Amino acid sequence: MKEIKILYVEDEAGIRENTKRPLSYMCDQLIIASDGKEGLEMYKLYNPDIVVSDIKMPNMTGIDMAKEIKKINQDQHIVFTTAHSENSFFMDAIEMQVDGYILKPIDYELLENKIHNIIKQIHLQNDYLIQQEQIKQQELEMLTQSKNAQMGEMIGNIAHQWRQPLSVISTAATGIQIKKELGYIEEEEEMKLLESINTNAQFLSQTIDTFRDYIKEEKELHEVVIQDRINIALKIIDAAIENSSITLINNANNHSPVKLTLIVGELSQVIINLINNAKDILVEKDIENKWIKVDLETTNDSVIITIEDNGGGVPLDIKDRIFDPYFTTKHKSQGTGLGLHMSKEIMEKHLNGKLYVKNSENGAKFYMELKLFD
């Protein structure tokens, strides 16, 4: 529970003495000042939650002090006490949006009720801020876990891309070495092996460029062709799909180019997440003749990218939960339960779109819907 500090400003000693006792029972710390000037100094020093102040005082009035305080904190809680009923005071108080005023002689029960109501507001606001901070921390933790998972997937994709060309390079180099030592390699055969090494080395270089460009993509708005973003994503994961004996069907290129202004890297990440998710389901269920199909359609105001598999679909009892954070049907060592959740967050909060799933006659079909016009 937040500790409450009250600043009480009153120039008349008798009233000050009578009022400070009940105020002290309402807070954890009571700060007292004898005029507006001193009150402003105490405010800057102690940063109280509530200011209770007389209006008409020497050196600086309560109104003038409150105006300076409101410059520091527009939301500061202020209650005036005054023996005067002049309209100008009340109009100033209303303009500053203070919490109220109490006429002298002070009704201490009324003052207590007023202070308690303000304290309730402060505690509610403080609880809200704590809750928001906790939400931010949870989101940050999820983002960190998601990035770590994405990095692991990226390393896995690189390994799939490099395994075969590295094997070819190693086999060709070893063959040249052994045959050189035995002294019976022909020049034509040696050139073919060297050419194979060079071709596969060039392929490795190209994959480095592909992954580097993807990772370095800045989270900025750019006009892109949607089919290009799909092709980049597929190029990153095609080896992993092929090694899992999955046929990848890309029908998106059969449509006319669709241009859209969006955050480029994030769209590719969602596509990769959804295809990896489909791949894992197909492998886990050991589906025969496994396939994943990417398609694209446009409406009057939207472009819809669909990713469908033949894995049998999402069970109805979990269909409403698959986008929840940390929900996963995989073993903990195989998934964090954040891929689909973060994909939905990206689509809805970053790309101003929608992500949802339906079961087709073949399996799960995910829909990525983006507006063509804002």
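Quick one: order Lys349, Lys365 by neighbouring beta-carbon count within 10 Å, fewest to most. Walk me through the numbers on the way to the answer.
Values: Lys349 9, Lys365 20.
Fewest-to-most Cβ neighbours within 10 Å comes out as Lys349, Lys365.
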Modelled label reach - Asn47, point 7 Å along Cα→Cβ, the stretch 1-27 residues with backbone N closer than 20 Å: 1-8, 27
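Need the full-extension length gain, Asp228 to Ile15, defined as separation in residues times 0.36 nm minus the C-alpha distance. One decimal, nm.
On the way: separation 213, 0.36 × 213 = 76.68 nm, distance 7.68 nm.
Length difference between fully extended and current span is 69.0 nm.
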Efficiency of FRET from Cβ geometry, Ile176 and His255, R₀ 56 Å, rounded to 0.05: 0.75
Convex hull of the stretch 5-106 built on C-alpha atoms - directionally averaged projected area, nm²: 5.6
Extension gain (nm, one decimal) between Asn73 and Lys354, 0.36 nm per residue minus Cα-Cα: 97.2 nm
Length added when fully stretched, Lys2-Ser244, from 0.36 nm per residue minus Cα-Cα: 81.5 nm
Over 23 Å (Cα to Cα) - which of Lys279/Lys349; Lys136/Lys371; Lys279/Lys371; Lys259/Lys371; Lys259/Lys279; Lys2/Lys37 fall in this group: Lys279/Lys349; Lys136/Lys371; Lys279/Lys371; Lys259/Lys279; Lys2/Lys37
Packing-based ranking, highest mean first, of 270-280, 251-261, 5-15 given that Cβ atoms within 10 Å are counted: 270-280, 5-15, 251-261
Modelled FRET efficiency - R0 30 Å, Leu221 with Lys136, Cβ distances, 0.05 increments: 0.80
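Could you work out the per residue convex hull volume over the alpha carbons of the stretch 218-371, in cubic angstrom?
118
Throughout, read-outs are computed from the coordinates displayed, never taken from laboratory work. Fair warning: this is a prediction, and the values are worked out from it, not measured in the lab. Cβ: placed from backbone, ideal geometry, glycine included. Neighbour counts: every protein chain shown.
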